Amino acid sequence: MANRLKEIFFLFFFLIAQLPCYSQQGDSITLHYERVPLIHILLDIEKKTNYRFFYSNDQIPLGQEISVHADAVPFQEALRLVFDKTGIQYKIFKQQIVLTPSKGLLQIPIDFLAGKKDTLLTRSGLKSVGTESSRQIVLEGRVGDITTGEAIPGANIVVAGTPTGTSTQQDGYFSISAVNPFSELQVSCVGYQPVLVPVQGREKIDIWLEPEIKPIDAVVVIGYGQARLADFTGSVSHIKGEDLIKSEASTLEKALGARAPGVLVVQTTGKPGENASVRIRGMGSINMNPDPLFVIDGIITDQISLINPQDIENIEILKDAAAAAIYGANGSNGVVLVTTKRGRSGKTNVQYSSSLIMNLRPKKLEVMNASQYADFYNTILAEKGIFQMAYSKDFRQKYYGNGWEKGTDWQEAISKNALKHNQYLNVSGGVRDYGNFSISANYNHEDGILVNTNASRASLTANSDFKAGKYIRIGESFSFGRLQYRDIGSQTG
């Protein structure tokens with residue numbers, strides 16, 4: 001009887017000891033996929049569980065199509081169904097699943113053990129280890145007329161801040177590869193209002209454009225004067241100043257993005273306060289500067305970064321050969337005519353605005369600390385038949401001392417959320433038949449995602465117009481600005 005009770009006790013103890021193991025790898029999961037890429041299934045499993053996949057891009061075919069149907073099956077069974085007949089084997093290390101080819105045991109490159117960036121294992125769904133670029137997707141969609149529902153062929157689609165883009169086909173469909181899932185699309189077409197569409201992780205997007213109705217009595221500035229839109233036959237785009245304010249852009253070039261058909265704005269770097277490149281007529285020459293000519297209140301200038309978008313009344317963009325009629329060869333790449341705000345007759349008007357924007361840093365990679373890496377390294381050696389641990393307990397204490405296990409989270413050390421704040425004050429007014437004035441001050445400060453990077457701009461703009469006679473009018477414009485950048489540089493070592 002005593003032996004019987006002893007057997008029951010040990011059996012009960014054994015079952016209790018096995019419960020934690022069952023709760024980790026025995027939870028049920030449901031998967032239903034029909035001929036989808038393997039990477040999609042791995043991402044879905046990561047969302048539904050606490051497990052993370054690690055693999056080598058050179059060894060694992062993530063694009064192969066797989067069909068799997070499982071209703072509330074144990075996690076281990078789900079993994080077997082996913083990787084069955086794929087030529088891929090998996091090994092579970094706590095909450096990490098390492099994928100390798102079926103040939104041999106855990107074929108991980110020696111360079112990975114040495115810590116070289118170009119051969120490190122890759123976390124699915126996140127960034128590649130040792131790089132800063134997010135995962136990219138293939139984006140497909142259709143562009144149509146919101147009023148008629150018909151497809152729009154020839155619409156231009158550009159990934160904001162990059163040269164990547166395409167045009168829609170006759171049926172309105174388009175496809176762009178290598179797209180960041182958190183980017184934005186600049187969509188424009190002649191005769192339609194341009195739009196800025198956030199991707200938001202979607203792989204299929206339907207985009208609808210509204211027809212652009214321009215009043216024939218509208219007046220545009222064309223360099224040597226003004227003309228009614230109905231009488232003007234050249235290619236010109238008109239942007240209102242109120243549309244620029246909505247963008248919260250800190251510079252004139254960035255504010256132009258997705259607001260003028262045929263104008264490409266590319267952000268070449270991610271530095272705070274960095275100027276964007278503006279292209280109106282493409283690359284005219286490999287030797288000459290392809291930037292357009294900027295004219296502010298009739299004065300040619302290249303200091304456009306000092307202009308606050310809130311001080312702009314309107315912008316005309318001359319895109320055809322007529323731009324060279326008055327500006328000559330300087331206007332061969334297009335001309336951007338900027339008219340700043342001026343005072344109006346009536347009561348003195350005081351305007352103040354303030355904005356605060358938080359730019360969140362990208363999602364951090366989940367990486368091992370020193371202790372986890374040492375355990376993982378020893379496990380790999382054991383799988384290869386090498387049972388002498390490279391990082392033994394004595395070795396760790398001798399060379400690293402106390403507290404070495406924590407290591408340094410370099411992602412936390414060099415990056416942060418970035419604040420951007422803008423202050424704007426304007427005082428304007430005037431007396432009818434005598435004159436008017438406008439004075440504005442602006443301060444803009446923008447922090448970078450990387451520590452010790454920021455940019456600030458302080459500007460003061462003043463202009464006035466006085467009527468000296470029936471046919472004589474005297475005006476002046478004054479602008480002062482100061483730009484200050486702080487950058488960590490690009491040193492390597």
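The values are calculated or read from the model by the stated rules, or taken from the named source; none is laboratory data. These numbers were taken from a predicted model, which means no experiment stands behind them. Cβ: placed from backbone, ideal geometry, glycine included. Neighbour counts: every protein chain shown.
Considering the conditions (1) surrounded by 11 or more Cβ atoms within 10 Å (Cβ to Cβ); (2) of a type outside the set (D, E, K, R); (3) at pLDDT 75 or above, Phe395 is excluded by exactly one of them, (3). Inspect all residues belonging to region 64-75 and state whether any of them is among the aromatic types (Phe, Trp, Tyr), modelled with pLDDT of 75 or more and farther than 25 Å from Gln136 by Cα. Taking every residue of region 64-75 in turn, at least one turns out to be among the aromatic types (Phe, Trp, Tyr), modelled with pLDDT of 75 or more and farther than 25 Å from Gln136 by Cα. Taking the condition polar (S, T, N, Q), under 25 Å from Ile300 (Cβ atoms) and modelled with pLDDT under 90, does Ser477 pass? Judged against the criteria, Ser477 is a match.
Checking each residue in region 72-97 for being of a type in the set (Gly, Ala, Ser) and loosely packed, with under 13 Cβ neighbours inside 10 Å picks out Ala72, Gly87. Scanning region 353-392 for residues that are in contact with a helix residue (DSSP H, G or I) (Cβ under 6 Å, 6 or more places away or on another chain) and surrounded by 14 or more Cβ atoms within 10 Å (Cβ to Cβ) yields a total of 2.
When the criteria are applied in full, Val350 meets the requirement of being closer than 30 Å to Phe294 by Cβ, surrounded by fewer than 14 Cβ atoms within 10 Å (Cβ to Cβ), modelled with pLDDT of 85 or more and hydrophobic (A, V, I, L, M, F, W, C).
Ala441 passes every criterion in (1) surrounded by 20 or more Cβ atoms within 10 Å (Cβ to Cβ); (2) under 30 Å from Arg342 (Cβ atoms); (3) small (Gly, Ala, Ser) apart from (1). Kindly provide the set of residues from region 452-486 that are touching a helix residue (DSSP H, G or I) at 6+ places or on another chain (Cβ under 7 Å) and among the β-branched types (Val, Ile, Thr), ordered by number. The one that is touching a helix residue (DSSP H, G or I) at 6+ places or on another chain (Cβ under 7 Å) and among the β-branched types (Val, Ile, Thr): Thr461. Quick check on Phe93: is it closer than 30 Å to Pro181 by Cβ and modelled with pLDDT under 80? Judged against the criteria, Phe93 is a match.
Residue-wise test of (1) in a strand (DSSP E or B); (2) farther than 22 Å from Pro261 by Cβ; (3) free of Cβ contacts under 8 Å to residues at least 60 places away in the same chain; (4) assigned by TED's automatic domain parsing to the domain that holds Leu264.
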site: Asp302; (1), (2), (3), (4): no, yes, yes, yes
site: Gln310; (1), (2), (3), (4): no, yes, no, yes
site: Asn314; (1), (2), (3), (4): yes, no, no, yes
site: Ile326; (1), (2), (3), (4): no, yes, no, yes
site: Asn330; (1), (2), (3), (4): no, yes, yes, yes
site: Asn333; (1), (2), (3), (4): no, no, yes, yes
site: Lys347; (1), (2), (3), (4): yes, yes, no, no
site: Val350; (1), (2), (3), (4): yes, yes, no, no
site: Ser353; (1), (2), (3), (4): yes, yes, no, no
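Does region 170-182 contain at least one residue that is buried (at least 18 other Cβ atoms within 10 Å of the Cβ), among the small types (Gly, Ala, Ser), modelled with pLDDT of 90 or more and not assigned by TED's automatic domain parsing to the domain that holds Val295? Checked against the condition, which is being buried (at least 18 other Cβ atoms within 10 Å of the Cβ), among the small types (Gly, Ala, Ser), modelled with pLDDT of 90 or more and not assigned by TED's automatic domain parsing to the domain that holds Val295, region 170-182 yields at least one hit.
Checked against the criteria, Lys103 counts as over 22 Å from Thr49 (Cα atoms) and either in a loop (DSSP other than H, G, I, E, B) or modelled with pLDDT under 85 (or both). One residue stands out among those in region 363-386 that are touching a residue at least 40 places away in the same chain (Cβ under 8 Å) and part of a helix (DSSP H, G or I): the one that is farthest from Gly407 (Cα to Cα), which is Glu383.
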